[in-house]
1. Output the residues belonging to the range 88-97 that are outside any helix (DSSP H, G or I) and in contact with a helix residue (DSSP H, G or I) (Cβ under 9 Å, 6 or more places away or on another chain).
2. Report the residue count in the range 89-135 for those that are of a type outside the set (A, V, I, L, M) and farther than 30 Å from ALA47 by Cα.
3. In the range 20-76, how many residues are over 27 Å from PHE91 (Cα atoms), hydroxyl-bearing (Ser, Thr, Tyr) and assigned to a helix (DSSP H, G or I)?
4. For the range 90-103, give me each residue that is closer than 18 Å to ALA151 by Cβ and either more than 19 Å from the chain's Cα centre (by Cα) or open to solvent by 10 Å² or more (accessible area, probe 1.4 Å) (or both).
5. Got a number for residues in the range 156-174 being part of a loop (DSSP other than H, G, I, E, B) and either within 12 Å of PRO99 (Cα to Cα) or not acidic (Asp, Glu) (or both)?
6. May I ask you to list the residues in the range 111-143 that are in a helix (DSSP H, G or I) and more than 19 Å from LEU171 (Cα to Cα)?
7. Consider only pairs whose beta carbons are under 7 Å apart and that are at least six residues apart or on different chains; among these, list those whose first residue lies in the range 25-42 and is open to solvent by 70 Å² or more (accessible area, probe 1.4 Å) and whose second residue is not in a helix (DSSP H, G or I).
Amino acid sequence: MAPMRRALLHIAILPALAALLAGCSLKQLAIRSTAAILDDSLAALSAEPDPAQAREAAASLLVMLEGLMRGDPENAGLRRTAAQAYGSFAFGFLEAEEPDRARRLYRRGRDHGLRALKTAPGFAAGGDLAAFKKAIAGLGRESLPLLFWTAYCWSGWINLSRSDPDAVADLARV
């Protein structure tokens, strides 16, 4: 093998080797590469002029997100994307005609957002409201999209669960 070709092969292998040494499996590497495209997919979905096509595509996207999260459950970026996708789908296609289903999807989005927040630097959620507020205040600017979509889903769930005292009790956290 020519020296130049051997050097190129080593350069190509180094990123995969670094990822493996960092505790990232090849499967997680593939998932993270795919996850990077999902924000563009959500933007394209939001710009789709045909509501029927957007609804069908969004439902498929939710299933794909769930599959990706099974392979990389601690991926905060995927969980933020899931919160955004669930909240957008619930509001855009379900809230008016299927409020019970929308409520369930808002809750799923909220749960994905909260799980991602637990991995954010500076976030250590406590049991009481004061500790929760302190944990939120400790988050950096990079956490704003995650905070927004978590609160969006959480408030949507509360709005559609007004007869549930446990849901209404969460209003102060939102």
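The values are calculated or read from the model by the stated rules, or taken from the named source; none is laboratory data. Just so you know, these numbers come straight off a predicted model, no measurement behind them. Because the Cβ atoms are built from the backbone with ideal geometry, glycine has one as well, and the counts that use them run over all protein chains shown. When the accessible area is computed, the model is the full protein with side chains, heavy atoms only, and any ligands, DNA or RNA have been set aside. Shrake-Rupley method; radii C 1.70, N 1.55, O 1.52, S 1.80 Å.
1. Applying the first criterion (outside any helix (DSSP H, G or I)) to the range 88-97 yields 95-97.
Of everything in the range 88-97, those that are outside any helix (DSSP H, G or I) and in contact with a helix residue (DSSP H, G or I) (Cβ under 9 Å, 6 or more places away or on another chain) turn out to be GLU95, ALA96.
2. Just the residues of the range 89-135 that are of a type outside the set (A, V, I, L, M), to begin with: 89, 91-93, 95, 97-101, 103-104, 106-113, 115, 118-119, 121-123, 126-128, 132-134.
Checking the rest, the ones that are also farther than 30 Å from ALA47 by Cα come to 118-119, 121-123, 126-128, 132-134.
Qualifying residue count, the range 89-135: 11.
3. 1
4. Residues of the range 90-103 that are closer than 18 Å to ALA151 by Cβ, as a first pass: 90-92, 95, 102-103.
If the condition is that a residue be closer than 18 Å to ALA151 by Cβ and either more than 19 Å from the chain's Cα centre (by Cα) or open to solvent by 10 Å² or more (accessible area, probe 1.4 Å) (or both), then PHE91, GLY92, GLU95, ARG103 are the ones that fit.
5. 6
6. If we filter the range 111-143 for residues that are in a helix (DSSP H, G or I), which is where we start, we get 111-117, 129-137, 141-143.
ALA116, ARG141, GLU142, SER143 - these are the residues of the range 111-143 that are in a helix (DSSP H, G or I) and more than 19 Å from LEU171 (Cα to Cα).
7. The qualifying pairs are ARG32/ASP72; ARG32/ASN75.
Condition check ((1) buried (at least 23 other Cβ atoms within 10 Å of the Cβ); (2) among the hydroxyl-bearing types (Ser, Thr, Tyr)) across all residues:
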residue	(1), (2)
PRO73	no, no
SER88	no, yes
LEU105	yes, no
ARG115	no, no
PHE123	no, no
CYS153	yes, no
ASN159	no, no
LEU171	no, no
